[in-house]
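**Q** Before anything else, here's the structure in question.
The values are calculated or read from the model by the stated rules, or taken from the named source; none is laboratory data. Bear in mind the structure is a predicted one, so any value in this text is a computation, not a measurement. Cβ placement follows ideal geometry from the backbone for every residue including glycine, while neighbour counts extend to all protein chains displayed. For accessibility, only protein heavy atoms count, side chains too; no ligands or nucleic acids. Shrake-Rupley method; radii C 1.70, N 1.55, O 1.52, S 1.80 Å.
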Amino acid sequence: MGLALALPVLAQNSTPDARAIDLRQQAIAYENGEGVPRNPALAISLYCQAAALGDAQAHYSLGWIYANGRGVPRDDAMAAYFFQAAAAQGLEAAQRMLKIVGEPTPDVPECLRPPAPPPASATDLVPEPGVDYQAIAPRKIFELVMKMAPQYQVQPQLALAIIAAESNFDSQALSPMNAQGLMQLIPETSQRFQVRNPFDAAQNIRGGLAYLRWLLAYFEGDIVLVAAAYNAGEGKVERYRGVPPYQETRAYVQRIVRAVGTLAHPFDARVTPPSPALALIRLN
C-alpha cells in the first residue's frame, strides 16, 4: 500500500488495545465522512495501523474494503488475507466472507510489515532486567525447571516465562482450547513429545521444554519468533512472516521478551532444520 500520510498522534501511555480501538474509530470516521472529510486513503492507512496492532475488526474492515473495491481496486486475494486474520481471531463474519472471496495472497501486505529497525547503539544492546521467578514461582516448579531446562538446552528463564504466561504456575490449568497443565500443551503436542499425563508437573515441563528446544532450532534462537510460535503456532508465524497480527500474540511476545531480557537464545541446529520461511521473515 505504501501510504505516506500525516496521521494523528496517540497518547504514548495508551495500551495496545486502546491505541488499536482509537485508530479503528478514526478510520471509520474517515471512511464514512463522519465529522471529518471523507478520505478513503487515510481510512485504509489508519485501519492498517490498527490491524498491525492485532485488531480483528480492523482486519475485517480492510477485507471488506478490498472485497468491494472501496477506494482501492478490488482484490479478492488481498481481501481474503485480511478476512483470514480476522477469522483466526474468532470473527464468524470473516469466516463466512472467506468462503466468498477465495484463497488469500501469500504476500504480507506492505502496511503490516514491520519497519526496519534503527541502527543499534551500545545502550540498545544491553538487555533489560528479567523477572525474578525465584521470588514468585512455587518452589517445586522453580526447582523442577532449574533442574530440567539445561537437559533440553533451554535457559530456565525462558521456560519460567512461558509457564508464567501460559498458566501462572497452575499445574491443573485447562484452557477452552483444551491446552493443559503448566505449559498449556494441547493434546497433539503432548502426543508429539510423549507426555502421557499433561497435568503431572514434571511430565508437562518435560514436554514443554522439548517443544521449546525444537522451536529454538526451527527459528534459530529468535526469542520473538519462538514466543509467537508457542502462542499461535509455528505455521502462523511462517504465514505472516513474523509475529502474527493478533493482539493476544503480540502482547504475549512482549511479555516473554521483557521477562527473558534478551532477543537471542542458543540453539542446537541438530534438533531440526530451520524454518523454510526464516529467510523471508528476516527480509521483512
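Let's see how each residue does on (1) among the β-branched types (Val, Ile, Thr); (2) touching a His at 6+ places or on another chain (Cβ under 7 Å); (3) farther than 24 Å from Gln57 by Cα:
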{"position": "Pro198", "(1), (2), (3)": "no, no, yes"}
{"position": "Gly207", "(1), (2), (3)": "no, no, yes"}
{"position": "Trp214", "(1), (2), (3)": "no, no, yes"}
{"position": "Ile223", "(1), (2), (3)": "yes, yes, yes"}
{"position": "Ala232", "(1), (2), (3)": "no, no, no"}
{"position": "Pro244", "(1), (2), (3)": "no, no, no"}
{"position": "Gln247", "(1), (2), (3)": "no, no, no"}
{"position": "Arg250", "(1), (2), (3)": "no, no, no"}
{"position": "Val253", "(1), (2), (3)": "yes, no, no"}
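**Q** Out of the residues in segment 32-72 that are loosely packed, with under 15 Cβ neighbours inside 10 Å and among the aliphatic types (A, V, I, L, M), state the one that is nearest to Ile100 (Cα to Cα).
**A** By that ranking, first place goes to Ala41.
**Q** Which of (1) part of a loop (DSSP other than H, G, I, E, B); (2) among the aromatic types (Phe, Trp, Tyr); (3) under 28 Å from Phe83 (Cβ atoms) is the odd one out, the single condition Tyr252 does not satisfy?
**A** The one condition Tyr252 does not meet is (1).
**Q** Here's something else I'd like to know. Is it the case that some residue within segment 256-267 is open to solvent by less than 30 Å² (accessible area, probe 1.4 Å) and farther than 21 Å from Val131 by Cβ?
**A** No: segment 256-267 contains no residue that is open to solvent by less than 30 Å² (accessible area, probe 1.4 Å) and farther than 21 Å from Val131 by Cβ.
**Q** Residues of segment 240-255 being touching a residue at least 40 places away in the same chain (Cβ under 8 Å) and open to solvent by 40 Å² or more (accessible area, probe 1.4 Å), which ones?
**A** Arg241, Gln247, Glu248, Arg250, Ala251, Arg255, listed by residue number.
**Q** Which ranges mark the helices (runs of 4 or more DSSP H) fully within segment 145-236 that have 2 or more residues being in contact (Cβ under 8 Å) with a residue 12 or more places away in the chain and open to solvent by 30 Å² or more (accessible area, probe 1.4 Å)?
**A** Fully inside segment 145-236 and qualifying: 156-167, 201-218, 223-232.
**Q** Are any residues in segment 182-207 over 21 Å from the mean Cα position of the chain (by Cα) and within 19 Å of Phe142 (Cβ to Cβ), and if so, which ones?
**A** Phe199, Asp200, Ala201, Ala202, Gln203, Asn204, Ile205, Arg206, Gly207
**Q** Looking only at segment 268-281, which residues are open to solvent by 50 Å² or more (accessible area, probe 1.4 Å), in contact (Cβ under 8 Å) with a residue 40 or more places away in the chain and of a type in the set (Gly, Ala, Ser)?
**A** Passing the criteria: only Ala269.
**Q** Do you know which residues across segment 73-95 are in contact (Cβ under 8 Å) with a residue 40 or more places away in the chain and either assigned to a loop (DSSP other than H, G, I, E, B) or surrounded by fewer than 22 Cβ atoms within 10 Å (Cβ to Cβ) (or both)?
**A** Ala88, Gln89
**Q** Which one of the conditions (1) closer than 20 Å to Tyr230 by Cβ; (2) modelled with pLDDT under 90 does Leu125 fail to meet, given that it meets all the rest?
**A** In the conditions (1) closer than 20 Å to Tyr230 by Cβ; (2) modelled with pLDDT under 90, Leu125 misses (1) alone.
**Q** Exactly one of these conditions fails for Ala27: (1) at pLDDT 90 or above; (2) surrounded by 18 or more Cβ atoms within 10 Å (Cβ to Cβ). Give me its number.
**A** (1)
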